[in-house]
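Since the structure comes first, as structure tokens, the remarks are kept for the end.
The values are calculated or read from the model by the stated rules, or taken from the named source; none is laboratory data. Fair warning: this is a prediction, and the values are worked out from it, not measured in the lab. Glycine also receives a Cβ, built like all others from the backbone with ideal geometry; neighbour counts cover every protein chain displayed.
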There are 2 protein chains.
Amino acid sequence: MNAVPGAPLDRVFHAISDPTRRSVLARLSGGEQALGVLAAPHDMSLPAFSKHIRVLEQAGLVHTVKRGRTHYCSLNAEPMKAASEWLAYYRKFWESRLDSLDTFLKENP
Amino acid sequence: MNAVPGAPLDRVFHAISDPTRRSVLARLSGGEQALGVLAAPHDMSLPAFSKHIRVLEQAGLVHTVKRGRTHYCSLNAEPMKAASEWLAYYRKFWESRLDSLDTFLKENP
DNA sequence: CAAATACTTAACCACTTGGTTTATTTTTTG
DNA sequence: CAAAAAATAAACCAAGTGGTTAAGTATTTG
């Protein structure tokens, strides 16, 4: 069924479950950035930061091109679409108050 | 922007990055379920399955109550709202074609 | 009360994750 | 060309994840 270990949705949700990586995506939404510039504000070594970039790349959220000795990263939000659609299915539960809190309130008037 | 330290969002995105856990949420969207019933279709031991439930509980996505010897799980979609809103920020990039593919196409006519 | 039921807890294991440091590679610059 | 810069690769480590089996705890039922 859905037991494929490396499913795209798995990789996207995993990628965005880390604050460092979410921060990178936010900064990339302002446009392409050199990897070193992206890494600067994060308190970790460059190899550690590069691993985060690799996770984002493998989720398809970041594309990196090399020009000269500099690697430029850019956002590719397309894989977020499926993630957003997966979440959208549950919107009715938090909007229409059909979740467990509402159930509780209905059953305990 | 992302001023709040990401902990809750971290836990929600991590929780839904696993296909077993997404499957559980989907089935809970049909209403409360006994843990044992929920576990049945998954090819793993009950302790392993219970750990998945605990991850969902810690993300605030599932609430469990014990009635007699049975533990009943229900969906609480509310924490998904923030997750959905985080993703919504990027909607313009996949809808308005402002992502890296589009940039590439614009720069390489 | 004794046995079955529905779980949890505990102990363990293999693998992954997120970080480190050190060394290399590639490219630019003095 | 030699040194600096940008980043990767490799080797390593601690902690977390996802699974197991075995044992324990409530609770219901025969």
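Within the stretch B:78-109, how many residues turn out to be at pLDDT below 90 and either over 30 Å from B:A59 (Cα atoms) or not in a helix (DSSP H, G or I) (or both)? Summing the residues that are at pLDDT below 90 and either over 30 Å from B:A59 (Cα atoms) or not in a helix (DSSP H, G or I) (or both) in the stretch B:78-109 gives 14.
Scanning the stretch A:23-54 for residues that are buried (at least 20 other Cβ atoms within 10 Å of the Cβ) and within 13 Å of another protein chain (Cβ to nearest Cβ) yields A:V24, A:L25, A:L28. Scanning the stretch A:57-67 for residues that are surrounded by fewer than 16 Cβ atoms within 10 Å (Cβ to Cβ) and near DNA strand D (Cβ under 8 Å from one of its atoms) yields one hit, A:K66. For the stretch B:6-63, the set of residues classified as of a type outside the set (A, V, I, L, M, F, W, C) and within 15 Å of A:F13 (Cα to Cα) consists of B:G6, B:P8, B:D10, B:R11, B:H14, B:S17, B:D18, B:P19, B:T20, B:R21, B:R22, B:S23, listed by residue number.
Do we have any residue at all in the stretch A:61-76 that's on the phi < 0 side of the Ramachandran plot, at the interface with another protein chain (Cβ under 7 Å from one of its Cβ atoms) and not in a strand (DSSP E or B)? Checking the stretch A:61-76: at least one residue is on the phi < 0 side of the Ramachandran plot, at the interface with another protein chain (Cβ under 7 Å from one of its Cβ atoms) and not in a strand (DSSP E or B). Would you check which residues across the stretch B:7-56 are without any contact (Cβ under 8 Å) to a residue 24 or more places away in the chain, within 13 Å of DNA strand D (Cβ to nearest atom) and not aliphatic (A, V, I, L, M) and list them? B:D10, B:S17, B:P19, B:R22, B:S23, B:H42, B:D43, B:S45, B:P47, B:S50, B:K51, B:R54 - these are the residues of the stretch B:7-56 that are without any contact (Cβ under 8 Å) to a residue 24 or more places away in the chain, within 13 Å of DNA strand D (Cβ to nearest atom) and not aliphatic (A, V, I, L, M).
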